[in-house]
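Below: one structure, written as structure tokens.
The values are calculated or read from the model by the stated rules, or taken from the named source; none is laboratory data. In this text, all values refer to a predicted model and were calculated from it rather than measured experimentally. Cβ placement follows ideal geometry from the backbone for every residue including glycine, while neighbour counts extend to all protein chains displayed. Note: areas computed on protein heavy atoms with side chains; ligands, DNA, RNA excluded. Shrake-Rupley method; radii C 1.70, N 1.55, O 1.52, S 1.80 Å.
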Amino acid sequence: MSKFYVLFEHSAGFALFRVAEFEELAAFLPQVEESVTDLQRFNAVVTLIAFQPHKSAIVALENINAVSEGILPEDLNLFLEGGLPKRKKRSKCTLGVLDPKLGAAISEALEIQCTHTGAVPEILRGIRYHFHSLIKGLTLKACSVAQLGLGHSYSRARVKFNVHRVDNMIIQSIALLDQLDKDVNTFSMRIREWYSYHFPELVSIVPENHLYTKCAEFIKDRKTLCEESLEPLTEILGDSEKAQAIVDASKMSMGMDISPVDLINIQMFAGRVVALSNYRKQISEYLHSKMNSVAPNLSTLVGDQVGARLISKAGSLTNLAKYPASTLQILGAEKALFRALKTRSNTPKYGLLYHSTFIGRAGLKNKGRISRYLANKCSIASRIDCFSEMQSAVFGEKLRQQVEDRLKFYETGDIPKKNIEVMKEAMDEVQKAVDAEASAKKKKKKKKKKSELDESVAMDED
């Protein structure tokens, strides 16, 4: 008669149970599902063979990480070797597990048949429900504390898998950048309307929003402008002619007079808008540095903002890397796509990729072609960024050059290099960089050893 065992991985430790009359249980699965919550009936079916608690929280985290990836940890291997019958008798035994990957690893290492189907999930559900009652000395409170502690550490370890390559910050940064653009534009228009009551001629001289706001903050009352104001105005605008025009316009302005209180409010609001504009520049620089560390090839190929928008739309860099080039091409144009499918008209040629400079430079006939080609290269770049261990922008530069060559091919007919040749060149460059870095590290180690030897010799002489 075959023996049936069940392995249960808990935050407190590993437990091995013997299941009586498993064949009969499998035949009456609905009755098993109903009786799982009844401890007295469940105890008649399941018997504890062995329990091994985790030695520490660190060991528990290591074991659970291995189990979640389908790897058999050393502690679990030793525990099963001791708990299960000897290898000669294991041919008549079956082990029930929850994860099929872990089951495959156990059957390979311990030569025992593993299963995860039939009544196994229901039995494991019952064990999970009554675990604190089945193990002596273990309380429900202790179980909850262990689960909470291990759950927090496991989640923290997953989130901090690689701190320098977290793409969540890129998603938040690009969203903030878009919001700041909208807000700064809205506030700048409010400043224009408000300050134009007092100095309407300034709009025609300084049409750019950011510079207009800076000028409004500096000028305040137009009647105070004089020849001494030319130098600071030139610094703000970077153009002496415009500064002179502002001073001349202030002397013959058609604007109404404003009270000091109103001018103070306009000045304060202008100061806030200027501060927001400066903050937007800081966020843009932060996004640039983050994109260079997380997705250098994608950033080199299509730019920081387009690359960041693609990652944001996909949800993560990993999701973007999993997308085929055809999906990436129309990412951001979902409404247009479904509308086209509904009305049976032409589907969109591009989505977020339209903001790339390559699409604008292509001719009207070639926009769809270059969009498809660029999406293909973006897909390659995102996969390299996501799955390569060494971060380098070499591939991004080569892919960008390929798109440039393709544009030339559409314009002049010059045949570009084949993709396999370009990729070989990129691989050679990356290999050279790796070798150079390795040799530099060796030299550094040699210098360090030499300095340590010199120090020890000097100490001996003393």
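Observations
- Qualifying residue in the range 36-57 (condition: among the hydrophobic types (A, V, I, L, M, F, W, C), at pLDDT below 90 and farther than 21 Å from His130 by Cβ): yes
- Taken over the range 330-366, the residue count meeting the criterion of being in a helix (DSSP H, G or I), in contact with a Gly (Cβ under 9 Å, 6 or more places away or on another chain) and either farther than 17 Å from Asn297 by Cα or open to solvent by 30 Å² or more (accessible area, probe 1.4 Å) (or both) is 7.
- Applying the condition of being charged (D, E, K, R) and closer than 26 Å to Lys408 by Cα to the range 336-382 and asking which residue is farthest from the chain's Cα centre (by Cα) yields Lys365.
- Only a single criterion out of (1) more than 24 Å from Asn209 (Cα to Cα); (2) out of contact with any helix residue (DSSP H, G or I) (no Cβ under 7 Å at 6 or more places or on another chain); (3) not in a helix (DSSP H, G or I) is not satisfied by Asp257, namely (1).
- Looking across the range 181-213, the residues that are in contact (Cβ under 8 Å) with a residue 24 or more places away in the chain, open to solvent by 10 Å² or more (accessible area, probe 1.4 Å) and assigned to a helix (DSSP H, G or I) come down to Asp181, Asp183, Val184, Asn185, Phe187, Arg190, Trp194, Ser196, Ile205, Asn209, His210, Leu211.
- Residue in the range 236-252 that is part of a loop (DSSP other than H, G, I, E, B), surrounded by 16 or more Cβ atoms within 10 Å (Cβ to Cβ) and among the acidic types (Asp, Glu) present: no
- Among the residues of the range 214-229, those that are touching a residue at least 40 places away in the same chain (Cβ under 8 Å) and closer than 15 Å to Lys242 by Cα comprise Lys214, Ala216.
- Scope the range 92-108; condition over 36 Å from the mean Cα position of the chain (by Cα) and aliphatic (A, V, I, L, M); matching residues: Leu95
- Test: residue in the range 300-313 that is assigned by the TED database to the domain that holds Arg192, crowded, with 18+ Cβ neighbours inside 10 Å and assigned to a helix (DSSP H, G or I): no
- The single condition from (1) open to solvent by less than 40 Å² (accessible area, probe 1.4 Å); (2) in a helix (DSSP H, G or I) that Gln282 fails is (1).
- Some residue of the range 400-414 being surrounded by 18 or more Cβ atoms within 10 Å (Cβ to Cβ), modelled with pLDDT of 85 or more and outside any helix (DSSP H, G or I): no
- In this entry, Ser153 is excluded by the filter for residues that are open to solvent by less than 40 Å² (accessible area, probe 1.4 Å), assigned by the TED database to the domain that holds Leu276, in contact (Cβ under 8 Å) with a residue 24 or more places away in the chain and of a type in the set (Ser, Thr, Tyr).
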